[in-house]
Amino acid sequence: MSQLRFVILLLVLAAIGAGFYLVPRKRPFESYTARASEALRNKDFEQSIELYLKALRLYPDHPSTPEILLNIGDIYNFSLANSDKAAKAYEMLTARFTKTEQARLGFEHAAEMHEKNEAFEKALLAYQGIIDHFPDSKDVDSRRFKVAIMAAKLKKFEPARRSLMAIIDQNPDTPIADQVLYQIGNLFFMEGASKQAVQVLEVAAQKYPESPLNTEMLFTAANAYEEMGQLDKALKIYRQIRYIYPNTRVIEKKLEKLADRQKEVKAMEARSRQNMRVAGPVPPGAESQKTPSVRGRKKTQAVDKSLLELMEGEP
């Protein structure tokens, strides 16, 4: 009887031993992530992603999940240039772990990726995600600026302009004020509101003479004057920036074009005066002929006075 018990004990121990070696063991989470990091250092990107995914499948609730999702998204984005899979990883990260620092980075990396790929609507939503979920971040004005620029690229000029004006209204001392004001003026010009564009751009150029955008402000203001038919003012600005504008060839062409236009205008005025002398005096009550607009650009929309006061530093 004792021998039978001994044999049974041996069989049980053998079975336990066989099970220990044959049944697959669950490696620690850190084992997978360490191997994934090593594969990444060796530029074996696919293997790295596979190991990260295996770690997430085995440990779906691990505290490091947000970091792993960000890593996966970044590998697809920066190393494999697979924006579709990168976007899925970033979306999973930002949806499940919205308030984490990794989610903020996920929003940012996704926004920059979409902007680079000219997927401006997706970029706008990602930048907006940073504003919505991280409103107290130190660079929130830059994110608001990006949202407005993406709207402008989608041809939503008025919403873009109002978003930019809100940045100045809420934070007149924002460190990106020169960029914001330049874009406000530029959007006015793109909307056909040349007068309002000049108002904004000239004040901005005076307030920020050291801005890298100063010559662009003046150049766009000169373009606006040109659109309004105020050629003398346009020429004055073009001559002012003639030797400091980055693309001097453009300025030279503008000067040549405006010089020709001025000659044409003066010739027309001379012919008009000659015709009036030949025709004699205008009969009383006759309506004077209205001068047609230069190019038919609309001249609506007023600049908010409070905005100009903020720009000029007035209370």
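Just to be sure, is residue 202 outside any helix (DSSP H, G or I), surrounded by fewer than 21 Cβ atoms within 10 Å (Cβ to Cβ) and without any contact (Cβ under 8 Å) to a residue 40 or more places away in the chain?
no
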Inset, instruction - Report whether or not residue 240 is at pLDDT 95 or above, surrounded by 19 or more Cβ atoms within 10 Å (Cβ to Cβ) and of a type outside the set (Gly, Ala, Ser). - result: no
Inset, instruction - With the condition kept exactly as written, say whether any residue in the range 93-111 is surrounded by 18 or more Cβ atoms within 10 Å (Cβ to Cβ), within 20 Å of the chain's Cα centre (by Cα), in a helix (DSSP H, G or I) and of a type in the set (Val, Ile, Thr). - result: yes
Legend entry - Flag for residue 210 being part of a helix (DSSP H, G or I) and acidic (Asp, Glu): no
Legend entry - Inter-residue pairs, beta-carbon under 7 Å, first within 18 Å of residue 131 (Cβ to Cβ) and in the range 85-111, second aliphatic (A, V, I, L, M) and outside any helix (DSSP H, G or I), 6+ apart: none
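Can you pull out the residues in the range 37-66 that are assigned to a helix (DSSP H, G or I) and of a type in the set (Ser, Thr, Tyr)? Spell out how you get there, then give the answer.
Of the residues in the range 37-66, the ones assigned to a helix (DSSP H, G or I) are 37-41, 45-58, 65-66.
Answer for the range 37-66, where residues must be assigned to a helix (DSSP H, G or I) and of a type in the set (Ser, Thr, Tyr): 37, 48, 52, 65.
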Inset, instruction - Please work out if residue 177 is within 19 Å of residue 216 (Cβ to Cβ) and among the small types (Gly, Ala, Ser). - result: yes
Legend entry - Residue in the range 127-142 that is within 17 Å of the chain's Cα centre (by Cα), without any contact (Cβ under 8 Å) to a residue 60 or more places away in the chain and closer than 24 Å to residue 196 by Cβ present: yes
Inset, instruction - Determine which member of the set 216, 256 is surrounded by 13 or more Cβ atoms within 10 Å (Cβ to Cβ) and either modelled with pLDDT of 95 or more or more than 30 Å from residue 172 (Cα to Cα) (or both). - result: 216
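The values are calculated or read from the model by the stated rules, or taken from the named source; none is laboratory data. Keep in mind the model is a prediction, meaning the values are calculated, not measured. Neighbour counts are summed over all protein chains in view; Cβ atoms, including those assigned to glycine, are modelled from backbone coordinates with ideal geometry.
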